[in-house]
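Report on the following structure.
The values are calculated or read from the model by the stated rules, or taken from the named source; none is laboratory data. Just so we're clear, the structure is a prediction, and the values are computed from it rather than from any experiment. Here the Cβ positions follow ideal geometry from the backbone for every residue, glycine too, while neighbour counts run over all protein chains shown. Each accessible area value is taken on the protein alone, full model and side chains, heavy atoms only, with ligands, DNA and RNA left out. Shrake-Rupley method; radii C 1.70, N 1.55, O 1.52, S 1.80 Å.
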Amino acid sequence: MIDLELPREVASLGDGVFRLDYNPPHGSPLPNFTLLASEASKGIKLSECLPGTEYNIHLYYTNISLTNWLAWSSVVATEPDPPVNLATEVATGKVVNLSWDPPSQGGHTGYKLNIIPLSDKDDAVVRKIELTDEPAPFNLRDLTPGATYEIQLYSLFKEKESSVFVASNFTTKPNTPGRFIVWYRNETTLLVLWQPPYPSGIFDQYKVSIQPPDAIQSDLYVDKEGQPLGPAQAAFWGLVPGKAYNISVQTVSQNQISDPTEATYRTVPLRPSNISFPPEAVAPYSFSVLWSPPKTPSEFDRYQVAMSGRNIKWKVVGKDEDRIATFSKDLKPGQTYEVIVKTVSGNVASWPITGNVTTQPLTVEELNATSDEIGEIWLTWQPSNDSIQDSYVIKYHEQEAFNSDGSAEVVRETEYKLNHLLPGRNYSVTVLAVSNNVGSEPATVYQTTRPATPVIEILEPYKSDLNVSWKSDVTSRQDSYAVVYYRNDTQERKEETTMNNWLILAGLYPGAGYQIKVYAVSHGLRSDPHSYFQTVPPKSPENFQIVKASNSTMILTWNRPANSLIDHYTVRYRPTDSTFWREMGVVNTTSCEIRDLVAGERYIIRVASVSNRVESVEVREEKQTMYPNSIRHVRHIIDSQNITFEWLVPAGRVDYYITVYNAVRDPLAQNSQQIPANGSKTGDTVSVIVEKLKPGELYSFRFYAVSHNLRSEGIGIQTRTMPVIDSVINIVTDEHETRTLGIKYTPTPTRNVVFDRYRFQLSDSSVPAQEKLYNDTNRLVIFDNLVPGRLYNLTIWTISGGVYSVPIYRQARLYPKPVTEVTALSITDVDITLSWDVTPGDKDGYEVQYLDHQGQLRQNITVAEKITYNNLRPHYNYTFLVTVLSGYGTSTVRRSLPISKTLETLESVPGKVHYFGASDVRPSSISLEWSLPITDQNGILTGFKVTYYVK
C-alpha cells in the first residue's frame, strides 16, 4: 500500500478535480482515476501495489480555468516482501552458516539481520547486521558455544524494510569435555570421571556412551552440577569381565552435541578357579600347580602364576596353553608355599586365586620295632635333619589277611606303642613323616603278635541241651577249641574238643546250673579261657487251665512238672491289644487268682517254671474275655421321627453298643442298631439317634455293651415319639362378637402318626384349655368370655399318651367393644367438643371422622374419651363417627363398630356481601342491589340494614 500525503500548496487548491496517474500500472484504484480536490486534501491511498517497486506518480489538476495541470509528481518505493527459505547450519561452537532466498516477488536492495541470544546464561547483547550483497552462505561468527539464538531476517528496498521478517532458532555446538579417567572398576562395572570443558560455554548435560553397548544402560545423560563446574562421573553396570570398551563423553546443549572425548578401558577379568596341586607332582624339591579358567564367561589374554614373597617372579601362561606351572628352584622339603594365579586382559589383572602347597618331607631314619606284651608293638625312629615335619603317621596291617585295610595313627613324638593288636598275627608297620598333611616316602618294619582268646557269644537252650557258640577274632589263628563245663549242684566235670565255633552240650539236667569255659588252641597252646554260667531251662507246668472268670477276676490252676529243678512259678498276663505284660510276682503254689481286671477286656495269660532266674522254654498260655459292664441311667430326648439316647460310658472296655427296639403294640417286629464306641473313655457321654420311627408311637428299647462279641446285661426303657400336627388352622373373629374367638381346623392324617387328641390353649392362663379327640367330627373350638380388643397367642398340639407334638402358633386379636353413646359437651358457632363413654376391654385409642363443609373427610386419633374441633362453619350440620381402636400401629389392628352423632353449630354474624351497587339512579331516588351467598349467611337471615349519609 502507498499512502500519499500531498504538499500543503497542492492540498489547498480550490474547487476542482484531481486525476492521479502512476507507473507501473499495478494498484487500486487503477491509474488515471479522478477525485475532488476536497477529497485529495485528506491524502490518497493506493492498495494492491507491487512490493519492492518504485512507483512514478503524477497528479493533474483541472478546474474552470485549468485543464490537466501537473500539480505534483513523486517517486515512491513500496515495502519489500521478506526473504524466504531461511536455513541454518551449525559449523562449530562459534560459527553458524546462514542461507536464504530473496523475496519471491518484487525487488530488494539488501537485508537486515538481528541475532537475539535466548540462553539464560548468555550475556551477549542483540546484534544487528545489514547486508548489501547476496551472501551465499553468510558466516555468522563470534557466537557462544552451546548457546541458543533467534535469527530475524528482513528485506531492504530503498531504505524501506519489510514489515514481516523470517525467523529461525538454532543452538551452537557446545565445547568438548576435558580429559577423563576410570575412577573405579571391577569385573562388571566401569566408573569414569571427567573434567568439564574449558572454557565451559553453555550446555545442559553430559552424554556418556560405551561401545560395545553391553551395559544395562549404554548411553547415560548426566546433569551438570555446581558453580563453578567440577568433575562429573558416570557408571556402567552389567559389562563383560575383561573386555575392552570405548567410552566417549560429550556435552549436550538443546539438540546440539559436542565432539567427543574418547578413551578405551577394560573391565577387570574374572579370576581363575579350582587351583589344585597334583599329589603325584609334589616332591621334596619341586611341585606343579593346576587351575581352571573362570567359572563364568570372561575375556582375558593370559595367566600369571607366581609364588608369593618379597621378590615375585611371574610365570606367564597363554590363554590357550596347558594350564600348568612347575616350580623346582630354592625349595625345601616339608616347607609350605603360597601360589598366586591371575588372569590378565591387556594390562588389567584379575583378583588372584591362591592356594597353599607343602613339599614332601624326607623319609624317617633308624626305624625299629619290638613286642614285649600281648597285643602290643613298641616303635622308635629318627627324623631327617634336612626336612621339616610337624607329625608322623603310623600305618599297620596284618600280613596274612587278604585285602586288609589296616589302621593308622597320628603322633608328634618319635616313639609310639601300638595297642589292641590281634594276637598271633604278623604285622607290617609303616612310618611316614608329615608336614601340613603331606606325607614322606614310607619306612617299613615287620613284627608278629600272640594269638587271641575266643568269646562266648550265644548260649541257646533246647529242651535239656545247650547250644554254645562263640566268636574268635578274625585276625587270630587257632587249630581247635576246648570246652570244659561243671554242673553247679553236683560238681560233675566234662570236657569236649571241636574244630567248629559251636558245640551242643547234650544230656543236661533241666533246671540245673553249669559253669562253661571255652579255650582257643593253636599249636598246642591254649588261650586264656572265656567263662560263662548258664542254667538249663526247667520244664514247663502241666495241665494249665482257667477254672473261673467274672468281669474283674479269674482263677488259674496247673501241675508241677516231673524230673526238673524248680524254684518257683511266674504268672504274666496282658490285654490282647497291648504288648506290656503284667507279672504276679513269685508264685510258690500251683494256683493263682488275678483280680482287678478290666471289664470287657480279653487277656492272654502265661505260666512258666523258674530255676535260677531262668524260665522254662515252653510257656503255657490261655486266653479269657472278661464280661463287660452294663449301661446305667439311659437318658432320652424325643422327637417326632427319632429319639436321642445318652448314657455314660461304663468302666472297662467296650467295643460297641447294641440297642434292640420294637413298637409295644407289635413286639415281634424287632429292630436293632449297632453304635461304635469310637475310642470313648469311662465317664464320656455316648449319644445315639434312633431314626425312622413313627410319630406318636410307644416303643420299647433295650441296650447292651459288647466287648469281643460278649454282651453285658441289658437295660430296658419304654418311651413314645413326639406326635406331629398337620392341620390347617383358621381363626374366626367377628366385630359383633367382641368376647368370642373361634378356631376351625382340618384333621391331621392318622396314617403316619399316632395321637389321642388335639389341645387348644390361649396365652391367657385364666382361660382354660380345650381338647378334642382325634376322631371328633366337630372341628370348631370356641373360647367365650374373652377380653374385647385383646391380642391372644394361640397354641395347638396333638397329644399321644401324654406326649405333646411341636405346637402350631397363631395370633388373633378380638374386635374392641364399640362406644355406646356420643354426647356434645359444648357447641358454639365454630367449635364442638365431643365426649363418649369408656368401653371395656383392651384398646389403644379412638378414631373420630367427619366431613367438613367442603366435603373432605377429616380423621383424628385420640386416646382420651373426648375431642374438640375448632374453626367449623357456623350453622352447619356435622356428622361424627367414633370408632374404638385396638392394636393401633401393628399388623393386627382392629376397629370396632362405629357410632355416629349429628350436631349443628350455632348461628353467627353473617358475612360480608359479595356484590353491592346501584341498579337505578334518579334525581330523587337510588335503587340499590347486592348479593350474599348462602355459604356466608351463617344462619337464618331476617333482613339487611342499609346505612347512608350526605357527603
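Rounded to the nearest 0.05, the FRET efficiency derived from the C-beta distance between GLN545 and HIS708 at R0 = 22 Å is 0.65.
Ellipticity at 222 nm from helices only: DSSP H runs of n ≥ 4 in the chain, each -39500 (n - 2.57), divided by the residue count, give 0 deg cm²/dmol. In terms of packing, defined here as the mean over residues of other Cβ atoms within 10 angstrom, the peptides 183-195, 696-708 line up highest first as 696-708, 183-195. A 1.4 Å probe run over the protein chains yields, for segment 663-706, 60 Å² of accessible area per residue, whole-number rounding. Rg and Dmax of segment 121-217, both derived from C-alpha coordinates alone, stand at 21.4, 73 Å. Rolling a 1.4 angstrom probe over the protein heavy atoms with all chains in place gives segment 314-383 an accessible area of 54 Å² per residue. For segment 516-672, the relative contact order comes to 20 percent (Cα pairs under 8 Å, sequence separation of at least 6). A simple count of charges around GLN545, restricted to other residues whose Cβ falls under 11 Å of its Cβ and scoring Lys, Arg +1 and Asp, Glu -1, yields 0. Summary of packing: across the peptides 934-944, 609-619, the per-residue average of other C-beta atoms within 10 Å ranks them, highest first, as 609-619, 934-944. Taking the centroid of alpha carbons for each part, segment 848-893 and segment 700-747 are 51 Å apart. Fraction of C-alpha pairs exceeding 23 angstrom in segment 725-845: 44 percent, rounded to a whole number.
Expressed as a fraction of 2.2 N^0.38 Å, the value expected for a compact globular protein of N residues, the C-alpha radius of gyration of segment 644-724 is 1.15.
Note on segment 826-951: lysine pairs with Cα distance below 26 Å, sequence gap of 8 or more or different chains, count 5. Every pair of different Cα atoms in segment 838-877 enters the Kirkwood calculation, which places the hydrodynamic radius at 12.1 Å. With the convex hull drawn around the C-alpha atoms of segment 75-123, the volume per residue stands at 118 Å³.
Per residue, the accessible area of segment 427-522 comes to 50 Å², computed with a 1.4 Å probe over protein heavy atoms only.
Divide the volume of the convex hull around the Cα atoms of segment 607-660 by the residue count and you get 122 Å³ per residue.
Expressed as a whole percent, the accessible area of segment 1-131 that falls on carbon and sulfur atoms is 49 (1.4 Å probe).
Distance from the Cα centroid of segment 292-370 to that of segment 627-670 is 91 Å (rounded to whole angstrom). Per residue, the convex hull spanned by the alpha carbons of segment 1-160 comes to 128 Å³. Between GLU130 and ASP372, full extension at 0.36 nm per residue minus the direct alpha carbon distance yields a gain of 74.4 nm.
Go through LYS128/LYS173; LYS128/LYS207; LYS42/LYS112; LYS471/LYS539; LYS417/LYS471; LYS772/LYS817 and tell me which ones have a Cα-Cα distance over 24 Å in this structure. Over 24 Å Cα-Cα: LYS128/LYS207; LYS42/LYS112; LYS471/LYS539; LYS417/LYS471; LYS772/LYS817. Derived from the Cα gyration tensor, the three semi-axes of the equivalent ellipsoid of segment 182-281 are 37, 13, 10 Å, largest first.
The lysines within cross-link reach of LYS45, meaning a Cα-to-Cα straight distance under 22 Å and a gap of 8 or more places when in the same chain, are LYS158, LYS160. By accessible area, using a 1.4 Å probe on protein heavy atoms only, segment 664-788 has 44% of its surface on carbon and sulfur.
Take each peptide in 786-798, 574-586, 591-603, count the other Cβ atoms within 10 Å of every residue, and average; sorted highest first, the result is 786-798, 591-603, 574-586. Can you pull the Rg over Rh of segment 522-631, Cα-only, Kirkwood? Rounded to two decimals, Rg/Rh equals 1.20. Taking Lys and Arg as +1 and Asp and Glu as -1, the other residues whose beta-carbon sits under 11 Å from that of ASN175 total +1.
Based on C-alpha pairs under 8 angstrom that are at least 6 apart in sequence, the chain has a relative contact order of 4 percent.
Rounded to the nearest 0.05, the FRET efficiency derived from the C-beta distance between ILE257 and VAL75 at R0 = 56 Å is 0.55.
Entry note: the chain has Rg to Rh equal to 1.34, where both radii use alpha-carbon atoms and Rh is the Kirkwood radius. Site pair VAL222 and THR625 shows an inter-label distance of 9.5 nm when each label is modelled 7 Å from Cα along Cα→Cβ. Each principal axis of the Cα atoms in segment 479-523 has its own extent, and those three values, largest first, are 35, 16, 10 angstrom.
Once the C-beta distance of SER591 and LYS681 is scaled by a Förster radius of 25 Å, the resulting FRET efficiency is 0.10 to the nearest 0.05. Distance between the pseudo-spin-label points of SER765 and TRP502 (7 Å out from Cα toward the beta carbon): 9.3 nm.
Take every Cα pair under 8 Å whose residues are at least 6 apart in sequence, average their separation, divide by the length of segment 1-145, and the relative contact order is 19 percent.
Panel values: segment 304-458, Kirkwood radius from alpha carbon pairs, Stokes-Einstein at 4 °C and 1.567 mPa s, translational diffusion coefficient 69 µm²/s. Available extension along the chain between THR189 and THR576 is 131.6 nm, counting 0.36 nm per residue and deducting the alpha carbon span. Over all distinct Cα-Cα pairs of segment 338-409, the Kirkwood formula returns a hydrodynamic radius of 17.0 Å.
Positive contributions from Lys and Arg (+1) and negative ones from Asp and Glu (-1), summed over other residues with Cβ under 9 Å from the Cβ of THR795, come out at +2.
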